[in-house]
Amino acid sequence: MDYKFPVTRTTHPKARPEDESKLGFARYFTDHMFVMDWDEGLGWHDGRVVPHEPILIEPASCVLHYAQMMFEGMKAYRTPEGEILLFRPDMNAKRMARTCERMCMPELPEDLFLAAIKAVVTEDADWIPTSPGTALYIRPFMFGDEVSFSVLPAKHYRFLIILSPTGSYYAANDGGLHATRIYVQDKYIRAAKGGTGYAKVGGNYGGGMRASQDAMKYDCKDVLWLDAAEHKYVEEIGTSNAFFVFKDEVVTAPLDSGTILPGITRDSVIQLLRSWGVKVSERKLSIDDVIEGSKTGDLKEIFASGTAAVISPIGTLNVQGTDYVVSGGKVGELSQKLYDNLYGMQTGTVPDTMGWTYKLGLTVK
Ligand SMILES: *Cc1c(COP(=O)(O)O)cnc(C)c1O
């Protein structure tokens, strides 16, 4: 279907961030956003591009009390020729559908989702940064805003897309990769079987903040979550998936427990590694085997994968105050190779042999 959305341009365009090396993650927002409403009986209606500004919300809205909401995260990249690319946006649409099903929220058809992204990114395309490691972060989200204190799915929803020019999530200002310290969380859990672990919903993250705050006491950036039942098997790292590179096998947690967020970067890493002839196993891996591997040297690298950082190498795991170093605390070879290839494909500097990039049909000089 061909969607047309009315555009209301801002009368107060913001100054563009001057120094792309200081963008950080989601510190700046662009001039416009996308907004659309859903009502029972009507479905999605009144999609529009409007100035990015605070929205009014009724204090009794169900999202503010019972957290009926979901979000997605993706990026737009600018090639050296000025062409605008997305990375596997169909995967975001499909994941969003699974999240909405879990949260009793209305589905958004894939073509409508893509048309909405295109509309707002087109409006603010000149905000897409070009320095190494940067991109335009796209945050689509939906929430129930019916006025009701009964714990029932809302009958009215809003869907928004906001945009933020960002540097990489973990990296320092030079745009390059840096190995980080991660705390192995053995007290709190993120997701249990039957819960919402596989869905990108706010509650998963609000509930995780205590753990990441505690990790900072150990000078760690984030936590490695263990499984909820036994506190034994590695699951994921903060808002990214975790990979463990052994001598002859790369291991990541399987998705079948429903406790892992099915990352699009995770899927891309698995496919890319297999295309290079590397053995990848989606299997349970105990934290004891990880610690043992770091001692014997069989564990060569650990890295996290996610849209925000693409690939984030882990140099040290902290387990109850004790440091276990991997790849000499430095960026591993495979982590660097994956980052170079993925970010290269995303920004059009490495040929996309997998058919993953999606041209928005838009060029900015
Ligand atoms: C978003 C997210 C990921 C990474 O997903 P990508 O699609 O690769 O960005 C992994 N784990 C969690 C908990 C997440 O929220």
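Read-outs throughout are calculated quantities, based only on the coordinates presented, and are distinct from any laboratory measurement. Please read these numbers as outputs of a predicted model, since none were measured by experiment. Here Cβ is always computed from backbone atoms with ideal geometry, including for glycine, and neighbour counts include all displayed protein chains.
Can you give the helix-only mean residue ellipticity at 222 nm for the chain, where every DSSP H stretch with n ≥ 4 adds -39500 (n - 2.57) and the sum goes over all residues, rounded to the nearest 500 deg cm²/dmol?
Result for the chain: -6500 deg cm²/dmol, rounded to the nearest 500.
Among Val325, Val121, rank each residue by its count of other Cβ atoms within 10 Å, from fewest to most, as a rough exposure measure.
Val325, Val121
Under 10 Å, Cα contacts only: if you run a Gaussian network model on the chain, which one of Pro13, Pro54, Pro140 comes out with the highest mean-square fluctuation?
In the Gaussian network model the winner is Pro54.
Spelling out what I want: for every residue of region 127-144, take phi, set θ = phi - 60°, compute 6.51 cos²θ - 1.76 cosθ + 1.60 (Karplus), and round to whole Hz; glycine and proline get x.
Result, rounded to whole Hz: 8, 5, x, 10, 5, x, x, 9, 6, 9, 6, 10, 10, x, 8, 9, 8, x.
Taking only Cα atoms, what is the 0 to 90° angle, nearest 10, from helix 89-102's long axis to the longest principal axis of the chain?
Relative to the chain, helix 89-102 is tipped by roughly 90 degrees.
Can you give the angle from 0 to 90° between the axis of helix 333-346 and the longest principal axis of the chain, with both taken from C-alpha atoms, to the nearest 10?
Taking Cα atoms only, the helix is inclined about 20 degrees.
Choose one answer from Ala15, Ala26, Ala215: the residue with the largest mean-square fluctuation in a GNM of the chain with alpha-carbon springs under 10 Å.
Maximum fluctuation in the GNM of the chain, among the listed residues, is at Ala15.
Counting DSSP beta bridges in region 180-330, what percent are antiparallel, to the nearest 5?
The answer is about 70 percent antiparallel.
Given a Förster radius of 22 Å and the C-beta distance between Ile291 and Ala229 as r, what FRET efficiency does 1/(1 + (r/R0)^6) yield to the nearest 0.05?
So the FRET efficiency works out to roughly 0.65.
Using all C-alpha to C-alpha distances in region 112-236, build P(r) with 5 Å bins and read off the rounded percent in each one.
With 5 Å bins starting at 0, P(r) equals 2, 9, 12, 13, 15, 16, 15, 11, 5, 1.
Region 210-313: which trypsin sites (Lys or Arg not before Pro) are DSSP loop and have at most 14 other beta-carbon atoms within 10 angstrom?
Lys217, Lys232, Lys247, Lys279, Arg283
7 Å from Cα along Cα→Cβ at both Lys14 and Arg274: what's the point-to-point distance in nm?
Using points 7 Å along Cα→Cβ, the separation is 4.1 nm.
For region 60-130, what is one quarter of the convex hull surface built on the Cα atoms, given in nm²?
Quarter of the Cα hull surface area: 6.0 nm².
What nm value, rounded to one decimal, do you get for the distance between Glu40 and Val350 when each label is placed 7 Å out toward the C-beta?
Going from the Glu40 label point to the Val350 one covers 5.0 nm.
Suppose R0 equals 41 Å. What FRET efficiency, 1/(1 + (r/R0)^6) with r the Cβ-Cβ distance, do Arg27 and Asp256 give to the nearest 0.05?
Between Arg27 and Asp256 the formula returns 0.65.
In what sequence do Thr122, Thr8 fall when counting other Cβ within 10 Å, fewest first?
Starting with the residue having the fewest Cβ neighbours, the order is Thr8, Thr122.
Report, by chain and number, residues whose modeled amide H sits under 5 Å from the one on Val331, excluding near sequence neighbours (fewer than 5 apart, same chain).
Sorted by chain and number, the residues that satisfy this are Ala179.
So what's the projected area for region 214-365, the Cα convex hull averaged over all directions, in nm²?
10.6
Which whole-Hz couplings ³J(HN,Hα) result when phi for each residue of region 67-73 is put into the Karplus expression 6.51 cos²θ - 1.76 cosθ + 1.60, θ = phi - 60°, listed in order with x for Gly and Pro?
Values per residue, Gly and Pro as x: 6, 7, 7, 8, 8, 10, x Hz.
Test of understanding: ordering Val350, Val184 by Cβ neighbours within 10 Å, fewest first, what list do you get?
The order, fewest Cβ neighbours first, is Val350, Val184.
State, in angstrom, two size descriptors of the chain derived from its alpha carbons: Rg to one decimal place and Dmax to the nearest whole number.
20.6, 62
What base-10 log of the normalised intensity I(q)/I(0) is obtained for region 1-104 from the Debye formula, alpha carbons as equal point scatterers, at q = 0.10, 0.18, 0.22 Å⁻¹?
Taken in order of the listed q values, log10 I(q)/I(0) reads -0.43, -1.44, -1.62.
Considering only Asp19, Asp323, Asp124, give the residue with the highest GNM mean-square fluctuation for the chain, with springs between Cα atoms whenever their separation is below 10 Å.
Asp19
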